[in-house]
Amino acid sequence: MSHEQETHRPESYGMIAEFDSPETLMAAAEKTRDAGYSRIDAYSSFPIEGMVEALGQKRTGLPKLILLFGFIGMCTGLFLQGWTAASNLGITIGPYMFYGYSMNIGGRPMLSFPNFIPVTFELTILFSALAAFFGTFILSKLPMPYHPLFNSERFSLASQDKFFLCIEARDPQYEKGKTEEFLEGLNPDSIEEIGH
Amino acid sequence: MADRSHIKGSLDAGSGSSSGKLTPSYLDPDYRVFGDGMTYKSVTDKVTDIVLKLKTSKGWWLGFGISFMALQVLVISIIYLLIKGPGIWGVNNPSMWGFAIINFVWWIGIGHAGTLISAILLLVQQDWRTSINRFAEAMTVFAVMCAGLFPLLHVGRPWLAYWMLPYPSTMGIWPQFRSPLLWDVFAISTYLTVSVLFWYLGLVPDLATLRDRAVKKAKKVIYGFLALGWRGSAKHWDRFTTAYLILAGLSTPLVLSVHSIVSLDFAVSNLPGWHTTIFPPYFVAGAVYSGFAMVLTVMIPVRHVFGLHDILTLRHLNNMSKVMLAMGLVVAYGYAMEAFFAFYSGGQYEIQAFQNRVFGPYGWSYWALILCNVAIPQLLWFRRFRVTLVPLWMISNIINIGMWLERYVIVITLTRDFMTSSWGYYVPTIWDWSLYLGTFGLFFTCTFLFIRFLPMINVFEMRELIHHVKHHEHHDKAGHGTEVEVSH
């Protein structure tokens, strides 16, 4: 795959069309999707509901990842407390051996679960939150200091008040002249080809 | 985020509209959440210009200067404390907690408004929160920083504070997981972490806007670095909004757990006046109460100085006052129940602790507390006090003081325990006061830096809100059109 991409590296990154409102962008995205383009993306300065579907893409699977990490956090909390406060179990990690140290506090049972709830709860939240935060950026391949789109002067308005649709050059249907013609048919405010 | 298109300003439904028909409350001039004619561009310009273009004002330098000096007071207080030890404070036996714990609980409570505004109001789809959440979240982070200092210093040897963490040590023992004080370590550190993540996540798209609007190279580079290369792709927004909503969902139980755990520091101990089940809910309500008061205390002047009347409208102040009033009533109920159960328990120590609280040597603080937290805030029943800036600002300050007094009254209960022979009296020293003053320095220094260098209003959410309102206006007109046709 990667070899192929290197040999057939497209000359440009793609072509962007500028729109004035979320509604026109959405309509344009739907038309582009229906025209059979698949490597497309829409850029806006605020989240627009239904845009991912309009682009013909799937919603993110992030919630499952967060749930998984929340579960890991819960298990960590329960294990940490059960091991260190209710057992004398030795665990070997590398050259080291760590022991639990069960303590009788006020005659409570060793596995005193009501007392273990707060820490378990906090760790569940902590792990989920870390997964949500880092998941968002890692799945989006951010941080990415350079991106071809930043070469465009107009594109700096994407974070302000303009809306852009991009057809990427790696799209199998991408052909410079034809794609430009297609984009023009969507009535954008401007069209620009983006270099690498 | 999520679907907000069906919101009709449920907080104000009915009262917002004079003509009797169901108008979305933000179309009603009295209840709008931003001024006339705001567009994507004007709201972007207005907020980012404060950071990028506005000359640093004399007022900012003055405020920052005073805060920075107060911060030095904190530094000196801590250095002297580290040299001499907690003996420089007024704490004694039996009153071992003193200012450190009072201030800790107070600051943590202030932080909770940020999470409430940004998370809970997001989940219940209260759009008006949009222009205040960023500021409130920043306040949360700074307030938790201030709060965290106190228990850390109160342990006496803060350089050994890491002993509280569960790490495999050569001593062979582990933290005591059955103690509320250890729960605090987990709760506060999780709370600080999650608050920072939530705040930063929301900042990233706005930092990208700043990067794209910045003219000077240095600003472009710094904001560009912080924006992590955000470019507003639909796929990224999808992950972003999902994560943002889930973080809000996680923060909501978190914020309730944090102050509940803080209250368990008191309630789990077998002390009369502390050992009650009402503590967690009434601590949480108190936290929200003081938090909203602090948000108003800080935001009313900021709104005035930066001319943010279009973005922070009277509706925001009105709504925040209403939340404050409601929380004040919950807190008042808490005080009443404390009194009731002290006598209902029939326990002589409980009754004696309550009598001490009200008529004892610190009785003045109890009555001042009732005055500040219960009596004066009743003025908020009147609309005039909710939307007139000066009285509202004064009431918020009074609530801040009242909530501090509440924690004072609770902590001071320690001075008189079961045996008269061990009764004592607690007087804070100058070092107690200087440390407290110093944390204001830390809080306001951070706040001033935040105002100057980061967008204090959530710009992308404002744009989203404008989009929704436009959408609504459009639908609203269409809806009325059909109505007319039908009646013909």
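Quick rundown of the values:
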quantity	calculated
Accessible-area composition of chain B, carbon plus sulfur, in percent [1.4 Å probe]	70 percent
Sum of -39500 (n - 2.57) over DSSP H runs of 4+, divided by residues of chain A (222 nm, nearest 500)	-14000 deg cm²/dmol
Linear extension gain, residue B:389 paired with residue B:80, 0.36 nm per residue minus alpha-carbon span	107.2 nm
Of A:132, A:85, A:27, the one that fluctuates the most in a GNM where chain A has Cα springs shorter than 10 Å	A:85
Interface area, A with B, accessible, probe 1.4 Å, both sides summed, Å² nearest 100	5500 Å²
Rg to Rh, two decimals, where the stretch B:246-306 supplies the alpha carbon set and Rh follows Kirkwood	1.16
Members of A:64/A:162; B:46/B:322; A:58/B:46; A:162/B:216 lying beyond 24 Å, as alpha-carbon distances in this model show	A:64/A:162; B:46/B:322; A:58/B:46
P(r) tail fraction, chain B - alpha-carbon pairs more than 45 Å apart, %	17 percent
For the stretch A:132-180, residues shielded by at least 50 square angstrom of accessible area compared with the chain on its own, probe 1.4 Å	A:133, A:136, A:137, A:140, A:142, A:150, A:159, A:160, A:161
Apportionment of accessible area to carbon and sulfur, chain A, percent (1.4 Å)	60 percent
The stretch B:158-222-the stretch A:154-196 distance, computed between alpha-carbon centres (Å)	41 Å
The protein assembly as shown: Cα Rg divided by the 2.2 N^0.38 Å rule of thumb	1.07
Residue among A:103, A:74, A:26 with the largest mean-square fluctuation in a Gaussian network model of chain A, springs linking Cα atoms under 10 Å	A:103
Under 22 Å from the Cα of residue A:176 - lysines, other chains or at least 8 residues apart	A:31
Positive dipole terminus of the protein assembly as shown, leading residue within A:159, B:353, A:177 (C-beta point charges)	B:353
Ratio Rg/Rh [Cα only; Rh per Kirkwood] for chain A	1.24
Per-residue mean of C-beta atoms belonging to partner chains within 10 Å, peptide A:37-46	6
Where B:354, B:225, B:450 fall by accessible area, highest first, once all protein chains stay in place (1.4 Å)	B:225, B:354, B:450
Per-residue SASA entry for residue B:200, accessible area with 1.4 Å probe, Å² rounded to 10	60 Å²
Sequence of B:268, B:105 from largest to smallest accessible area, 1.4 Å probe	B:268, B:105
Heavy atoms of residue B:164: accessible area, 1.4 Å probe, square angstrom to 10	60 Å²
Fluctuation leader among A:165, A:157, A:25 - chain A, Gaussian network, Cα springs under 10 angstrom	A:157
Mean residue ellipticity (222 nm) of chain B, computed from DSSP H runs ≥ 4 via -39,500 (n - 2.57), nearest 500	-23000 deg cm²/dmol
Residue-normalised accessible area of the protein assembly as shown, expressed per residue, 1.4 Å probe, Å²	44 Å²
In the stretch B:158-267, trypsin sites (Lys or Arg not before Pro) in a DSSP loop with at most 12 other beta-carbon atoms within 10 Å	B:216
Solvent-accessible surface ranking, highest first, for A:44, B:57 at 1.4 angstrom	B:57, A:44
Heavy atoms of residue A:125: accessible area, 1.4 Å probe, square angstrom to 10	10 Å²
For the stretch A:62-139: Kirkwood Rh in Å [reciprocal of mean 1/r, alpha carbons]	13.9 Å
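The values are calculated or read from the model by the stated rules, or taken from the named source; none is laboratory data. Remember, predicted model here, so these are calculated numbers, not experimental data. Backbone-built Cβ (ideal geometry, glycine too); neighbour counts: all protein chains shown. Calculation scope for accessible area: heavy atoms of the full protein, side chains included, ligands and nucleic acids excluded. Shrake-Rupley method; radii C 1.70, N 1.55, O 1.52, S 1.80 Å.
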